[in-house]
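Input: a single structure, listed below in C-alpha cells.
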Amino acid sequence: MSELLLDMQSLIGGYGGNDILKGASLTVAHNEIVVIVGPNGAGKSTLMKSAFGLVKIRQGAVVFQGESITNMRPDLVVRRGMSFVPQEKNVFPSLTVQENLEMGAYLRKDGGAARQMERIFEIFPRLKERRKQAAGSMSGGERQMVAMGRALMLDPKLILLDEPTAGLSPLFIEQTFERIVEINKLGIGVLMVEQNAKQALEIAHRGYVLAMGRNRFEDTGAGLLANREIAEMFLGG
Amino acid sequence: MDVTDLLQLAIYGVVLGSILTLGAIGVSLLFGILRFSNFAHGDIMTLGAYAAFAVVSILHTPVWLALPVGMIAGALVAVAADQLVYRRLRRTQPVILLISSFGMALIIRSLVQLIWGPQDRSFIKGIDMPMHFGDLMVSPQQLWILGGTIVIVIAVHLFLTRTRMGKAMRAMSDNMDLARVTGIDAEKVIIWTWALGGALAAAAGVFLALDTRLTPMMGWSALLPIFAAAILGGFGKPYGAIVGGMIIGVASEMSTAVLPPAYKPATAFAVMVIMLVVRPNGLLGARR
Amino acid sequence: MSIDLSGLASYGVFLLTLAAIYGVVSLALNVQWGMTGLFNIGIAGFYAIGAYCAAIVTTPPSPSHLGGLGLPFGVGLLVAMAVSGLVAFLVGLLTLKLREDYLAIATIGISEIIRLVLKNEDWIGNGVRGIAGIARPLSANPLVYLAVVLLVLAATYLAVERARKSPWGRVLRALRENELGAQAAGKNIYRFRMEAFVLGSMIMGLGGALYAHFIGFVSPEAFEPVFATFLVWVMLIAGGSGNNKGAVLGAFVIWLVWSGTELLTNQLPADYVTQGSALRVLLIGVLLQVILLRRPEGLLPEERPHVGASPASSAEAEDEA
Ligand SMILES: Nc1ncnc2c1ncn2[C@@H]1O[C@H](COP(=O)(O)OP(=O)(O)O)[C@@H](O)[C@H]1O
Ligand SMILES: [Mg+2]
C-alpha cells in the first residue's frame, strides 16, 4: 500500500454550534479514486468542506501528505496540492471560461499556467471552443467541465469533487466519469461524492458509505457494489 | 424652455453623471465583494478633493497633476479605515459595518474640517470663460471632467479584464467562497478593492470640486445620488454603475427645467425609489 | 472666574432636559433597530417633522407660515406623532420589503427631502427663517418643563418596555434573529416590521416636538441633521441596543460626554475654537468605533430570552434548553 495522500481522522465539527460531522474518518492513497455515497444530509459535502477550512473542525485531524491541515485557510490548503470542486455554484459566472481557468492558476508563480491550460483543453476540448464565453451562460455539463478544469490548473495531487454528475443527462454522466478516470490516469488522486453510486463505484478503487456524519461501511468499489445490504439501503436496489 | 435649454441641461447632466459614475463604480465594487454599503464613500471623495487642493495650493501645479495625489490619498484612507476598523468587524453582522462606516464618514469629514477649515474653497481663481458650441456652453473644467472620467473608466475596465488582480476582484464578487477554495487570497483582494474604490471616490471628489466648490459637506451631499446610481445599475455591478450614474446625472439636471434646482437630490432619490419598486435588482440586474 | 451657582444649576437643567429628549429618541431607535433590526439613519427627518408639527399646531396664527393653530401642547404632540407615523408608513410601504441597506439609503433620502422641503417651501415653515415663539406648556420655568419631559420619557419607556415584553415584541426579536424560522411559523414579516418602523418614527416625532417647545424655535438648520442622527445611534449602541434601560442610559451618558467635550474644546486657543465642533464630532466618531470593536453589546446588553421557552414560562426555563 502506498503512502496516504489524505487522512481524515474522526472528525467532529459543523456550522455554528451544530455538529454535522460526528466522527467521520476517511483516507485516500496516492493515485486512488475514492467515492463517498450516502443519503441526503449525511454530511458528505460538509466533510469535503472541512478539508478546506470552510467548516470548523472541533475534534480530529486532517492530514495531507503527512502534514496537518486541520482548520487551515483554504488558499493555503490549495497551495499544498489539493483542489476542490464544490457541489453547486462551482464556476465564476461572470468570468469567461478562460478567466475561470486563469483564476484556478491564481497561486501559480512558475509561469506554467498556459501549458497547463492547453493540457486541460486536451481533456475538455469543448472548453477550448468556448473559452471566450461567460461561464454563467453555459449548460450544466459544460459548467462542470469548467469547474473541474479550474481545479486542475494548479496540477494538484488530489482533487475533491462534490457530486460532479448532479443534474446531468445520462450521456454527460457517462462522459464525466470517463474524464474522471482520465484525470486519475494523470497521477491525480480523486475523492468524490456521488449520487449515481453504481456508476461511480464501478470506476472507484474504494468507497465509503456515510450516514449521520459517520462512515458506516468501507470497502473496495466492487465490494460495496456486491454487498446486498448496502445496495438495498443506499444504492437504490 | 426650448430644445437648446434642454440640450444644455443634458450636457450638465452628463458632467454630473460622470462624477456620480466614478463614485458609484467604487460603491458597487465594494458592495459586490464585501456585501456592504460604504456610507463613508462620500467623505472619501471630500478628502481626495482636499488632498488634491493642497497640492495645487502649495505646489501650484495644475489640477490634473494633483489628481493622482488626491487618488492616492483616497486609496490610503480607504485602506486604513478597512484595516483599522472594518476588517475587525467583518465577522459580525453586516449592519454593524454600516453603522461603523457612518461613523467613519463623520471622522473623515471632521478631519477634513480640522485640517482645512470649514470655509468653502475653489480650485479655480476668477472665472474661466466657457466655450460656445452654437448656442450651447461648456466650460473647460467640464471638458476636463468628461475626458478624465472617460480615461479613468477605460483604465478601470482594462484593470478588471486584463490583470490578475482585476479578474480576482470579479471572481470574488461572483462567489467569495469559491474564490477562496480556488486559492485567491481574499484579504489581499479586499485591500486592493478598497484602494481602487477610494481612488475612484477621490477622483469623483476632485471633479465635483472642479464643477462646484470644495466644502466639507460636498461628499456627503453626493452620497445619495451615488447610491442611487449604484442601485440603478444593480448593486455590485460596476458596469451597471456607469449607466446608473448617467441616468441619475441627466435626470437630476433635467429636473431643474420644472423644479427648483434645490430639489436635484430629491430627483435622484425619486428615480431610485421608482427603480427599487419596479426593478429591485437594477436596470441590468433583472436579466439573469 | 465667576462661577455663578444659579447659572450652573440652570445649565444642569438644560443638559438634563436635552438628555431626556434624546432618551425618548434613543428609545424610538431601539424599537426600530434594537428590537427589529431596521436600519434608520434618517432620524433627523422624523425629528424635524415632529418639531415643525408642534410649532405649526401650537403657535398663534401667523401669515408667515402654515397655521399656527394656537392649539394646546398635548394636541401638538399627538399631531407630531401622527404625521411622523404617516410619513414612516409611506417610506415603509416603498422600502420595508427590500434589503436592509436599501432601507438605510431610503431613510437618508427621506430626511434630506424633508430638509429641502422645509428650507425651500416658505409657506410651510417660513423657510430658512424658521418659526419662533413656540411656548412651553404650563409655565416658562425650565424646571417645570424638565418635569414634563421626564414624565414623557418615563411614559415612553414604560410603553416601549411593555411592547418589548409583549408577544408582539417577541415576534420582532424572532424575526430579527432568524427570519426564515419565523416566516415558517406563519408570521407576516412585513406587517411586523412596518408596525415597528411606524411606532419608532412616531416616537422620534414626539422627541422633535419636545425639542421645539424646549428651544422655542425651529428652522431647517436648527439641528445638524446628520449629526443629530449619528449621536442617537452612538447613544443606543453605547447603552446597549435591544435594551430599553440601555437606550436611556446611553442617551444620558453620551449626552454628558458630548457636552463635556464642549468644556474641553472651550479651553483651546481662540484660533481653534471655531474648529471645536469638528474636534468633538471626531471624538464621538472614534468613540463609536471603539465601542463597536471593544464592547459591541453596550453598557447594558440586551436581555436574551431563554432558548426554546414558551412566552408564558420563559422566566423559569433553563438556559441550556
Ligand atoms: N452552510 C450551512 N449552515 C448550516 N447548516 C448546514 C450548512 N450546509 C449544510 N448544513 C446542514 O448540514 C447537514 C449536512 O449537509 P451536507 O453536508 O450538505 O449533506 P450532504 O452533502 O450529505 O447531502 C444538513 O443537515 C444541512 O442542513
Ligand atoms: Mg452535498
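The values are calculated or read from the model by the stated rules, or taken from the named source; none is laboratory data. Computed from a prediction, not measured in an experiment: that's the story for all the values here. Note that we place each Cβ from the backbone using ideal geometry, even for glycine, and neighbour counts take in every protein chain shown.
Only one of the numbered conditions (1) touching a Ser or Thr at 6+ places or on another chain (Cβ under 9 Å); (2) part of a helix (DSSP H, G or I); (3) without any contact (Cβ under 8 Å) to a residue 60 or more places away in the chain is not met by B:Leu259, and that is (2).
Only one of the numbered conditions (1) within 16 Å of ligand 2 (Cβ to nearest atom); (2) at pLDDT 90 or above is not met by A:Glu88, and that is (2).
C:Arg304 falls short of the stated requirement of being surrounded by fewer than 19 Cβ atoms within 10 Å (Cβ to Cβ), more than 20 Å from the chain's Cα centre (by Cα) and modelled with pLDDT of 85 or more.
For residues in the stretch A:15-48 being within 13 Å of ligand 2 (Cβ to nearest atom) and within 14 Å of chain B (Cβ to nearest Cβ), which is surrounded by the most Cβ atoms within 10 Å (Cβ to Cβ)? Among residues in the stretch A:15-48 that are within 13 Å of ligand 2 (Cβ to nearest atom) and within 14 Å of chain B (Cβ to nearest Cβ), the one surrounded by the most Cβ atoms within 10 Å (Cβ to Cβ) is A:Met48.
Checked against the criterion of being closer than 18 Å to C:Thr95 by Cα and touching a helix residue (DSSP H, G or I) at 6+ places or on another chain (Cβ under 6 Å), the stretch B:212-225 contains one or more residues that satisfy it.
Pairs meeting the criteria (first residue in the stretch B:139-160 and among the aromatic types (Phe, Trp, Tyr), second residue assigned to a helix (DSSP H, G or I), beta carbons under 6 Å, at least 6 apart or on different chains) are B:Phe159/B:Gly166.
Among the residues of the stretch C:240-256, is there at least one that is out of contact with any helix residue (DSSP H, G or I) (no Cβ under 7 Å at 6 or more places or on another chain), on the phi < 0 side of the Ramachandran plot, without any contact (Cβ under 8 Å) to a residue 40 or more places away in the chain and of a type outside the set (S, T, N, Q)? No.
The residue of the stretch A:71-80 that is nearest to ligand 1 (Cβ to nearest atom), among those that are facing another protein chain (nearest Cβ under 9 Å) and buried (at least 17 other Cβ atoms within 10 Å of the Cβ), is A:Pro74. The residue of the stretch C:123-176 that is surrounded by the most Cβ atoms within 10 Å (Cβ to Cβ), among those that are among the β-branched types (Val, Ile, Thr) and in contact with a strand residue (DSSP E or B) (Cβ under 8 Å, 6 or more places away or on another chain), is C:Ile131.
Working carefully through the options A:Asp162, A:Asp219, find the one that is charged (D, E, K, R) and at pLDDT 90 or above. Exactly one of A:Asp162, A:Asp219 is charged (D, E, K, R) and at pLDDT 90 or above, namely A:Asp162. Only residues that are of a type in the set (A, V, I, L, M, F, W, C), in a helix (DSSP H, G or I) and surrounded by 19 or more Cβ atoms within 10 Å (Cβ to Cβ) were counted in the stretch A:174-188, giving 3.
So B:Ala52 clears everything in (1) assigned to a helix (DSSP H, G or I); (2) without any contact (Cβ under 8 Å) to a residue 40 or more places away in the chain except one condition, right? Which one? (2) is the only condition that B:Ala52 fails.
Looking across A:Ser10, A:Ser83, A:Ser68, one residue alone is at pLDDT 90 or above, more than 16 Å from ligand 1 (Cβ to nearest atom) and farther than 22 Å from A:Glu194 by Cα. It is A:Ser68. Screening the stretch A:81-94 for residues that are under 21 Å from B:Gly166 (Cβ atoms) and buried (at least 24 other Cβ atoms within 10 Å of the Cβ) and picking the one that is farthest from the other protein chains (Cβ to nearest Cβ) gives A:Val91. Summed over the stretch C:257-284, the residues that are within 29 Å of B:Thr92 (Cα to Cα) and in contact (Cβ under 8 Å) with a residue 24 or more places away in the chain give a count of 4.
Here A:Gly53 clears all of (1) within 16 Å of ligand 1 (Cβ to nearest atom); (2) in contact with a strand residue (DSSP E or B) (Cβ under 7 Å, 6 or more places away or on another chain) except the condition numbered (2). When the residues of the stretch A:177-206 are filtered to those that are within 12 Å of the chain's Cα centre (by Cα) and within 16 Å of ligand 2 (Cβ to nearest atom), the one that is farthest from A:Phe64 (Cα to Cα) is A:Glu194. Of the residues making up the stretch B:7-52, those that are over 17 Å from B:Gly245 (Cα atoms) and more than 14 Å from chain C (Cβ to nearest Cβ) are B:Leu7, B:Gln8, B:Ile33, B:Ile44, B:Gly48, B:Ala49, B:Ala51, B:Ala52.
Of all residues in the stretch A:175-182, one or more are among the basic types (Lys, Arg) and more than 13 Å from ligand 1 (Cβ to nearest atom). Here B:Ile152, B:Ile107, B:Ile145, B:Ile115 are screened, and the one residue that is within 14 Å of chain C (Cβ to nearest Cβ), more than 30 Å from C:Asn40 (Cα to Cα) and not in a loop (DSSP other than H, G, I, E, B) is B:Ile115. One residue stands out in the stretch C:96-122 among those that are facing chain B (nearest Cβ under 10 Å) and charged (D, E, K, R): the one that is surrounded by the fewest Cβ atoms within 10 Å (Cβ to Cβ), namely C:Glu121.
A quick yes/no check of all residues on (1) hydroxyl-bearing (Ser, Thr, Tyr); (2) buried (at least 18 other Cβ atoms within 10 Å of the Cβ); (3) within 14 Å of another protein chain (Cβ to nearest Cβ):
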| position | (1), (2), (3) |
| --- | --- |
| C:Glu195 | no, yes, no |
| C:Asn244 | no, yes, no |
| C:Tyr272 | yes, no, yes |
| C:Ala278 | no, yes, yes |
| C:Leu282 | no, yes, yes |
| C:Gln289 | no, yes, yes |
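Residue under question is A:Leu191, and the condition is that it be more than 16 Å from ligand 1 (Cβ to nearest atom) and either within 19 Å of A:Phe92 (Cα to Cα) or buried (at least 24 other Cβ atoms within 10 Å of the Cβ) (or both); does it hold? Here the answer is no, as A:Leu191 does not meet what is asked.
In the stretch B:1-51, of all residues being hydroxyl-bearing (Ser, Thr, Tyr) and surrounded by 24 or more Cβ atoms within 10 Å (Cβ to Cβ), the one that is farthest from B:Asp82 (Cα to Cα) corresponds to B:Ser18. Considering the stretch A:137-167, the residues that are surrounded by fewer than 16 Cβ atoms within 10 Å (Cβ to Cβ) and part of a helix (DSSP H, G or I) include one that is farthest from ligand 1 (Cβ to nearest atom), namely A:Ser137. Hey, can you tell me all the residues within the stretch B:155-197 that are in a loop (DSSP other than H, G, I, E, B), closer than 14 Å to A:Val78 by Cβ and either away from chain A (no Cβ under 14 Å) or β-branched (Val, Ile, Thr) (or both)? Passing the criteria: only B:Ile184.
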